[in-house]
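What follows is a short report on a single structure.
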Amino acid sequence: MKVFSVKELANNYIAGLKNNGTTIGLIPTMGALHQGHLSLIQQAKEENDLVVVSIFVNPTQFNNSDDLDKYPRTLEEDLAKLESVHCDLVFTPEANDMYSENEKAEIFNFDGLDQVMEGAFRDNHFNGVGTIVKKLFETLLPDNAYFGEKDFQQLQIIRKLTTITKQPVKIIGCPIHRDPDGLAMSSRNMRLTKEHREAAPFIHQTLLAAKEMAKNTTPKQLENWVVDKFNNHPNLVLEYFSIAKEEDLKSISTFNNHSKYRGFIAVFAGDIRLIDNIALY
Ligand code: AMP
C-alpha cells in the first residue's frame, strides 16, 4: 500500500498509471475509519484496477471550529485497516497543501440541493464539501468515486457537482452500513457516552416504523408523528425529520408511486450530532 501526503506526488503517480489504462476508484473520507468506509472500499475493489482512499479532515466544511477540533483523528489505526482490506493507495494531505492561506470554500450553485436539511442547519457546509471533492478529483483523477447513502444529501450534491465542473467521474452511491442494533456507523459514534450509545438505535427503529406508516399517512402526518416520538424520548433531541423526493430533495405534500422518497433525520445525543435516512417508497 502506497501512502502519499504530497498532492503533486500523488497526482504524478496516478497520472502515470492512467496513461497505461489503469482505472482508479476513489473513496474520499475524513478518517476514523469503520466498517461503513471499508464496505465502500470493498465495492471499489471489485470495480477498479486501483483503489485510492483519501483521509482529510476538511476545514471548509465545518462551520463550528469546536466540531473540527474534536473530530477524531486516528491515522495509525486507519492505515492498518486500509492495509488489511488491500487498499492500494492512501492520500493524507496537510491542509496547507490543499488550500492556500485564507482560502475559503468555493461557492457553487447546487440548484437548492444544499439549502435544505443539513444545508439549512450547517451554514456553507456543502460548499466546503464541493470545494474539497473537486480538488480531490483534480488531484487523484478517479474514474469512479464512491459515496455512502448515509450522507444521501451529500451524494446528490456530489452528483450535481460533477455536472457543474464537468469532471469525468462516475459517482456511485453505496448502502448504509449499520451496527447489529441498527445504528448507522459513523466516526462520531465513538464519542457517544454509554447512555447515549444505548439510546441511539431508537433513531433507526423510528425510521423503520415511519417507513411502515408511510403507506397510510401523508408526509406531514408522518413528520409530526416522528417529532412526537422524539419529544417523548428522555435523552435524544430531534433537530429535524424531513421527507423529501430523492431526486431534488424537495419536500412534498403527498406520496405517489412515480417517485422515490426518503425520510431524513438529524438527532443530538448529548452534544454528538447523528444523521440517518431511510427510503420510504
Ligand atoms: P466520512 O469519513 O464520514 O466523511 O465518510 C466518508 C464516506 O463514507 C462518505 O461517502 C460517507 O457517506 C461514507 N460513510 C460513512 N459512514 C457510512 C456508513 N455507515 N455506511 C455507508 N457509508 C458510510
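The values are calculated or read from the model by the stated rules, or taken from the named source; none is laboratory data. What you are looking at is a predicted structure, and each value in this text was computed from that prediction instead of being measured. Neighbour counts run over all protein chains shown; Cβ positions are idealised from the backbone, glycine included.
Things worth noting here:
- Within the range 60-116, the residues that satisfy the criterion of being β-branched (Val, Ile, Thr) and either outside any loop (DSSP other than H, G, I, E, B) or on the phi > 0 side of the Ramachandran plot (or both) are Thr60, Val90.
- Filtered by the rule that a residue be among the hydrophobic types (A, V, I, L, M, F, W, C) and under 18 Å from the mean Cα position of the chain (by Cα), the range 64-81 gives a lone residue, Leu68.
- Of the residues Leu38, Leu113, the single one that is modelled with pLDDT of 95 or more, surrounded by 21 or more Cβ atoms within 10 Å (Cβ to Cβ) and of a type in the set (A, V, I, L, M) is Leu113.
- Selection from the range 117-130 of residues that are surrounded by 18 or more Cβ atoms within 10 Å (Cβ to Cβ) and either part of a strand (DSSP E or B) or more than 14 Å from the ligand (Cβ to nearest atom) (or both): Met117, Gly119, Asn127
- Unmet criterion (only one of (1) among the aliphatic types (A, V, I, L, M); (2) modelled with pLDDT of 95 or more; (3) under 29 Å from Pro28 (Cα atoms)) for Ala210: (3)
- Selection count, the range 147-170, where residues are within 10 Å of the ligand (Cβ to nearest atom) and either at pLDDT below 95 or not in a helix (DSSP H, G or I) (or both): 2
- Asn58 vs. criteria more than 26 Å from Asn189 (Cβ to Cβ) and either among the polar types (S, T, N, Q) or within 16 Å of the ligand (Cβ to nearest atom) (or both): no
- Check on Ile27, out of contact with any Asp or Glu (no Cβ under 8 Å at 6 or more places or on another chain) and either in a loop (DSSP other than H, G, I, E, B) or within 13 Å of the ligand (Cβ to nearest atom) (or both): yes
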